[in-house]
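Below is one structure, written out as structure tokens; the observations come after it.
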Amino acid sequence: QVQLVESGGGLVQPGGSLRLSCAASGFLKEDYYAIGWFRQAPGKEREGIASISSHDGSVYYADSVKGRFTISKDNAGNTVYLQLNNLKTEDAAVYYCAADVSFRPVRVGPLSLSTRYQYDYWGQGTQVTVSS
């Protein structure tokens with residue numbers, strides 16, 4: 001059973017930075033997967049932020065965060081990070097990571113951040129608060 005655990009959220013002022021982590025466990029060595037970061041603010045629909053492929057490390061970003069947020073993974077592939085820079089008040093939300101596990105490489109792109117995309121596993125979320 002795959003498990004995802006997010007961490008790194010907290011309270012920051014506008015313009016500040018946070019580094020979120022998504023620690024993954026339970027993958028089989030033959031598994032391919034994509035990890036996506038999402039966020040959901042109160043009263044708003046879940047929004048896809050960024051995604052990364054385990055196969056080649058390719059990444060995709062939503063236009064709303066491109067240039068400010070960076071997704072990456074460690075060499076072992078068991079942790080995916082989301083670096084949040086120049087945070088704005090509208091970035092405040094619960095941030096979730098999700099995994100799409102497949103027998104073949106998973107391509108990341110716009111569909112990977114769609115609310116219609118079916119991820120296999122989700123983490124519990126970590127709260128990001130942006131306030132002065």
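Quick notes
- Given the chain, longest segment not containing exposed loop GluC sites (Glu not before Pro) (DSSP; at most 12 other Cβ within 10 Å): 46-132
- Neighbour-limited loop hits for chymotrypsin sites (Phe, Trp or Tyr not before Pro), region 23-103 (at most 10 other Cβ within 10 Å; DSSP other than H, G, I, E, B): Phe103
- Pairwise centroid distance, computed over Cα atoms, of region 68-96 with region 44-66, Å: 10
- Paramagnetic reach from Trp122 (point 7 Å along Cα→Cβ, amide N under 20 Å) across region 86-100: 91-100
- At a probe radius of 1.4 angstrom, the accessible area of the chain per residue rounds to 53 square angstrom.
- Carbon and sulfur %, accessible surface of region 54-113 computed with the full protein complex present, 1.4 Å: 48
- Globularity index of region 1-110 is 1.05 (Cα radius of gyration / 2.2 N^0.38 Å, N = number of residues).
- Viscosity 1.567 mPa s, 4 °C: Kirkwood-radius Stokes-Einstein D of region 50-132 over Cα pairs, µm²/s: 93
- Site pair Tyr32 and Ala76 shows an inter-label distance of 2.4 nm when each label is modelled 7 Å from Cα along Cα→Cβ.
- Per-residue ³J(HN,Hα) for region 85-100, Karplus 6.51 cos²θ - 1.76 cosθ + 1.60, θ = phi - 60°, Hz, x for Gly and Pro: 10, 6, 5, 10, 4, 6, 7, 4, 4, 8, 9, 10, 10, 9, 10, 10
- Gain on full stretching of the segment that runs from Val2 to Ser132 - 0.36 nm per residue minus C-alpha separation: 43.1 nm
- Cross-link partners of Lys73 among lysines (Cα-Cα below 19 Å; sequence separation of 8 or more within a chain): Lys29
- Loop-located trypsin sites (Lys or Arg not before Pro) in region 83-128 (DSSP state other than H, G, I, E, B) with a sparse environment of at most 11 neighbouring Cβ atoms within 10 Å: Arg116.
- Neighbour-limited loop hits for trypsin sites (Lys or Arg not before Pro), region 1-81 (at most 10 other Cβ within 10 Å; DSSP other than H, G, I, E, B): Lys29, Lys44
- Summing Cβ point charges (Lys, Arg +1; Asp, Glu -1) relative to the Cα centre of the chain gives a dipole of roughly 180 debye.
- Residue-wise HN-Hα coupling along region 101-114, computed from phi with Karplus coefficients 6.51, -1.76, 1.60 (Hz; x: Gly, Pro): 9, 8, 7, 10, x, 9, 7, 9, x, x, 5, 5, 10, 6
- Per-residue ³J(HN,Hα) for region 27-34, Karplus 6.51 cos²θ - 1.76 cosθ + 1.60, θ = phi - 60°, Hz, x for Gly and Pro: 6, 7, 5, 8, 6, 10, 7, 10
The values are calculated or read from the model by the stated rules, or taken from the named source; none is laboratory data. If you're wondering where the values come from, they're calculated on a predicted model, not measured in any experiment. Virtual Cβ from ideal backbone geometry, glycine too; neighbours counted across all protein chains shown. Keep in mind that these areas ignore ligands, DNA and RNA; they rest on the heavy atoms of the full protein, side chains included. Shrake-Rupley method; radii C 1.70, N 1.55, O 1.52, S 1.80 Å.
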